[in-house]
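Reviewing the structure listed below.
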Amino acid sequence: MNNKQSIDMRIILTLYLLILTTFNASSNTSASMPIIAYMGPPVKSVSVAEYNEMQMCGFTHTLNIYNTIEDAKADLERAAKTKIKVFVHTPQLTNEPRLSAMNLKQHSALAGYFLADEPDVEGLTTFGLKARQIRTVDPTRPCYVNLHPYYDDNQMRNIGVKSYRQYLQDASKMGLPQISFDFYPVTKNGLRNTWFFTLEEIRKESLRTSTPFWGYVLTVPHTIYPAPTLEALRLQAYVNLAYGAQAIEYFTYRTPIDDRYDFKDAIIGLDGKRTAIYNLVKAFNRELKNVSQIFNKAKINHVGHLIKIPPYCAKAKVPACIKSLIVKGKKGAVVSIITKNKHAYMAVVNKDHTEGMSLQIKAASDKVVHVTKTLNTEKLKNSYQINPGDIALFKLK
């Protein structure tokens, strides 16, 4: 190789490395936590414009239910013209998983295969088998099953297990790359008292299996559940993040039709138009997109509670760099200690979605700073007021 050829090769190699580095940096920057809509735009009348509308609301993915594979394929073509990715469910996917995956896997907008919602213990075995069949055809995309929460022991008996832990361990045998569960804690009578037990058990199973978990937020009023407020959205999302959730899911995007549950307006009404909840969720998703960056692909080292310690939960441990941490509020706080990219953070979530909470904090080092919701850092103050259901973030090192 002569000198000119050598120089040319070095130039080409340098340009290649520059492009590769730029691509990787761009990929890392753009990577964000999934924000997922259960039941996207109505599939019979959906348009590209409606997917753009969903994207403007802050969603990255949707879980859609179709009557046929052909309906799903047509919808994936529309979604492909936006940045929305779709988890697909059809009856054929359940009955002929391998053939269905063969028909769907070429579509760029396909996020994965939505197999089931809240199966009983026998269903876990069935859907685990179907997931393995799909992986032989498409090993690159996940299968998705959403799990039951824990409400009481009668519920566990009805789904065929002795305990919630057994249910989660049986679910893990499906070999899915995520643990998804729904729990809607905010009711017209206050918070459900088994919410934190469910979160504790989900977190334990997530750690035991090294599998990330995804948690839900409720956006459709029905039966005992009131219309969502900003405070209720914050409480559900931020507590899930504090426990380690790696995706936030919304039930639902469009309003379901089911007389059993008396569903009212969700984000999109029965007429296909935006409701007041659309702007509420849109504003919150902008906030969530920023805050979730601290939790996305992070390690949650400890989760504990202050003031009111729910059953089966731990009292919060204060890091050594914090001299004192005092909260004053009716329901107390969830405290989460996080590490990410060699940095340590602390999150404090007000567990009350109706009243604010005060936080007094003293640090042993001036390296401890407050992190705003736009991820800017500020000098630490002695006290903070945390709004109902809201979060306060601190960088420890």
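List of remarks:
- Legend: distances between Cα atoms for K289/K367; K317/K381; K297/K379; K85/K297; K83/K397; pairs beyond 29 Å are K83/K397.
- Highest mobility in the GNM of the chain, judged by mean-square fluctuation with C-alpha springs under 10 Å and restricted to Y150, Y164, Y384, is found for Y384.
- Peptides 73-79, 388-394, 205-211, 121-127 ranked from most to least packed, by the mean per-residue count of other Cβ atoms within 10 Å: 388-394, 73-79, 121-127, 205-211.
- Per-residue ellipticity at 222 nm from helix content only, as computed over the chain with -39500 (n - 2.57) for each DSSP H run of at least four residues, stands at -11500 deg cm²/dmol.
- Rg/Rh (Cα only; Kirkwood hydrodynamic radius) as it applies to segment 207-292: 1.02
- Listed residues F59, F263, F295, most fluctuating in the chain (Gaussian network, C-alpha, under 10 Å): F263
- Taking every full run of DSSP H in the chain, the ones that stretch at least 27 Å from end to end by Cα along their long axis and average -1.0 or higher on the Kyte-Doolittle scale are 3-30, 276-295.
- When the solvent-accessible area of the chain is split by element, carbon and sulfur atoms take up 53 percent of it, the probe being 1.4 Å.
- Of the residues F251, A266, H305, the one whose Cα sits farthest towards the positive end of the charge dipole of segment 209-330 is H305 (charges of +1 on Lys and Arg Cβ, -1 on Asp and Glu Cβ, taken about the Cα centre).
- Kirkwood radius for segment 141-251, taken over all pairs of different Cα atoms as the inverse mean of 1/r, rounds to 14.4 Å.
- Probe 1.4 Å, protein heavy atoms only - accessible area per residue of the chain in square angstrom: 48 Å²
- Each Lys and Arg Cβ is given +1 and each Asp and Glu Cβ -1; about its Cα centre, segment 30-140 then shows a dipole of about 420 debye.
- Antiparallel bridges, percent of DSSP beta bridges restricted to the chain (to nearest 5): 55 percent
- Separation of alpha-carbon centers, segment 287-359 and segment 179-244, rounded to whole Å: 15 Å
- Quotient of the Cα radius of gyration of segment 74-164 and 2.2 N^0.38 Å, N being its number of residues: 1.24.
- Cα Rg over Rh - segment 29-136, Kirkwood: 0.98
- Sorting the segments 191-204, 128-141 by their mean number of nearby beta carbons within 10 angstrom, highest to lowest, gives 191-204, 128-141.
- Only Lys, Arg (+1) and Asp, Glu (-1) charged, at Cβ; the chain dipole about Cα centre in debye: 1820 debye
The values are calculated or read from the model by the stated rules, or taken from the named source; none is laboratory data. This structure is a prediction, so every number in the text was calculated from the model and none was measured. Neighbour counts run over all protein chains shown; Cβ positions are idealised from the backbone, glycine included. Calculation scope for accessible area: heavy atoms of the full protein, side chains included, ligands and nucleic acids excluded. Shrake-Rupley method; radii C 1.70, N 1.55, O 1.52, S 1.80 Å.
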